[in-house]
1. At a 10 Å Cβ-Cβ cut-off, how would you order Y201, Y54, fewest neighbours first?
2. Ranking E111, E36 by Cβ neighbours within 10 Å, fewest first, what do you get?
3. How charged is the neighbourhood of T66? Take every other residue with its Cβ under 11 Å from the Cβ of T66, and add Lys/Arg as +1 and Asp/Glu as -1.
4. Each residue of region 62-76 in order: what ³J(HN,Hα) in whole Hz does its phi give by Karplus 6.51 cos²θ - 1.76 cosθ + 1.60, θ = phi - 60°, with x for Gly and Pro?
5. So for the pair D108, T80, with labels modelled 7 Å out along Cα→Cβ, what separation do we get in nm?
Amino acid sequence: MGTIEPTDAQDTSTPDDRAILAEPRAGGVARILVAEQDLQREVRAIAGELDREYADDVPLMVGVLTGAVAFMADLMKAMTIPLTVDFMAISSYGAATRSSGVVRILKDLNEEIIGRRVIIVEDIVDSGLTLQYLLDMLRTRQPRDIRVVALLKKDKPDAIPVQVDRVGFRIPDEFVIGYGLDYAGQYRNLPYVAILDERVYATT
């Protein structure tokens, strides 16, 4: 699967949609970055590409907890090929708004991946450090190949170069919440991706 240029996050909503989005339903939201309908449209597009890429295989889809849960759930439902599922939990944030650079494995895979085709499903690629750590570790387990699908990728000049085969949306270097992404455990259930109001973490 070749690298496909991501979509820049932008307001593609209709006037009626914008009337609704002008008043986010959650406190702490500065503004909505990617609307719900745009997320679902991109998820369906990615699912179709994965169906074609793995039509003759049964890939192992690995969700990176906890942020990728919403994206992975919708992606699985939109795919039609057989697949197996596992999860890893890796942390480099805690309650901060910037990656600490210190990676911790909180949950490892249950599945063996030797000889398997693996799809890593990420919510967001920030500094790239966490993803690079994950890739380096999984490659030692001798999978047949690994592909990385990320919903979001930040435009960061200091990010390390890291393998990302498919990106949904390229976004500015802001702390984002919603659609699985959190701040201090909150906001994951928002159906859109939004920028966190700076006043939330300025007082914490």
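Just so it is clear, none of the values below were taken in a lab; they were calculated from the coordinates. If you're wondering where the values come from, they're calculated on a predicted model, not measured in any experiment. Counting neighbours? That spans all protein chains shown, and the Cβs are built from the backbone with ideal geometry, glycine included.
1. Starting with the residue having the fewest Cβ neighbours, the order is Y201, Y54.
2. Neighbour counts put them in this order, fewest first: E111, E36.
3. Once all neighbours under 11 Å are counted, the net charge is 0.
4. 10, x, 8, 6, 9, x, 8, 4, 5, 4, 5, 4, 5, 5, 4
5. Label-label distance for D108 and T80, simple model: 3.8 nm.
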